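Working notes, beginning with the structure itself.
Laboratory data are not the source of any read-out in this text; all were calculated from the coordinates shown. Being a predicted model, the structure only gives us computed values, none of them experimental. FYI the Cβ positions are ideal-geometry reconstructions off the backbone, even for glycines, and counts take in every protein chain you see.
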């Protein structure tokens, strides 16, 4: 009776939370990945490379996952246009349907509700996307965003060893500011993938896919008392133009394309190696009304992103796993004023990181312990011509992750994790010698052969040593109910 009451109560707790599309077990273990074994974090072309063609090999069981969560972020360690605090509630339904020789189908739908408080002037959902353009009014207010998302993926074996797959995602998010200028915003995101993979043997496979996306954010500012609404369009940090009208409309359009390649090999029974090679090119256009022209290109930004990563997992003896990775990323961007064809901002970030970890399962105590350590070197070159600002910064960063999983009862697991990190220079928020601490707790229960439940809670804090009594923290509560028939 007590067990039934506990399970019933736990299910009620699960459905009162909200969830982001992440692995609950991994988050309960402090974000460990390459040092442990997990069904959703293997090195295959789908889990590691995100290739939709490999879905048929990765997901071979039909299930429905219901995933709620809650996310809270707040603190005064922030940039000028960052929100003071944010609360996000959401739920996601994710289903896998195996169709045998007809392939494998994945579908999901989700809904998010976000409340942002103390937003200083800015009207854009993401003011710091790397562009030199901002749109503001004159007040600090609160924004409410809400909307659904839906996505589909299909994978099919075309012939012996050859697989193809595709996916499409669509999201809408409505926003409203509660003070002048009463801005209404609509975000619409469309993302599509198409890929192929070839399996030479159980120990060697390769794949590649392309991505196309088209995102748009539109704003409408409308006076309620018949007076004009005034909006300021910044180019750089200091220079702006103003527009005054009874009704104002603006758009930010983002398009992009990319190619992503993956390799997986198992040269020995106890050694796995995987690599990815990614390239993405995208561009942003700022569209403003100009006289009788409803949409005139006022600003343009270009982006190029490179990412290559190699991961290895090694099992030298039973119950022991070693893992490591090496990664290089490079992001470049420039922005110009389209009307005058003038370069406003040019920046580049290079990131090189390495990491190693190990896990050991103490079978006598039914306890898994693991640790990962990573080092990262970041270099930033930034030239804001319009503001006459130049930056050439370097940062040596590191992070340590610890995690443990204990089987308290048969098919009932308790999890805990801890992260500690340091950034010599925080290139996002601007602080020096920034310290990062994160704590997580989780539980996983296999109720029956048809149902699994996972739950975790995570708290993370960020504090710069160069600023006194300044911090930013984040609380995340996640859960999932997995039903193996529907």
Values of log10 I(q)/I(0), in the order q = 0.21 Å⁻¹, for the range 153-208 under a Debye, Cα-only, solvent-free model: -0.82
Burial ordering of 329, 393, fewest other beta-carbon atoms within 10 Å first: 393, 329
Gain upon complete extension [residue 76, residue 178; 0.36 nm per residue less C-alpha separation]: 34.6 nm
For the chain, calculated [θ]222 nm from helices alone, where every DSSP H run of n ≥ 4 adds -39500 (n - 2.57): -1500 deg cm²/dmol
Label-point separation, residue 97 to residue 257 (7 Å along Cα→Cβ), nm: 3.2
Per-residue Cβ neighbour rank within 10 angstrom, fewest leading, 213, 133, 352: 352, 213, 133
Alpha-carbon centroid distance for the pair the range 319-381 / the range 431-486, whole angstrom: 20
Between the range 129-199 and the range 22-80, the alpha-carbon center distance in angstrom: 18
Ascending count of other beta-carbon atoms within 10 Å, so fewest first, for 317, 481: 317, 481
R0 of 30 Å, Cβ-Cβ distance residue 319-residue 61: FRET efficiency to nearest 0.05: 0.70
Stokes-Einstein D for the range 192-269, Kirkwood Rh over Cα pairs, 37 °C, 0.692 mPa s (µm²/s): 189
Residue-span extension gain [residue 350 to residue 391] - 0.36 nm each, minus C-alpha spacing: 13.4 nm
Centroid-to-centroid separation of the range 257-315 and the range 94-116 [C-alpha atoms, Å]: 23
Unit Cα scatterers, Debye sum, the range 275-376: log10 I(q)/I(0) for q = 0.10, 0.12, 0.19 Å⁻¹: -0.53, -0.63, -0.96
Rounded tilt (10° steps) of 2-16 against the dominant C-alpha axis of the chain: 20
The range 13-483 - percent relative contact order, Cα under 8 Å, separation 6 or more: 15
Over the range 310-371, relative contact order from alpha-carbon pairs under 8 Å, at least 6 apart, %: 31
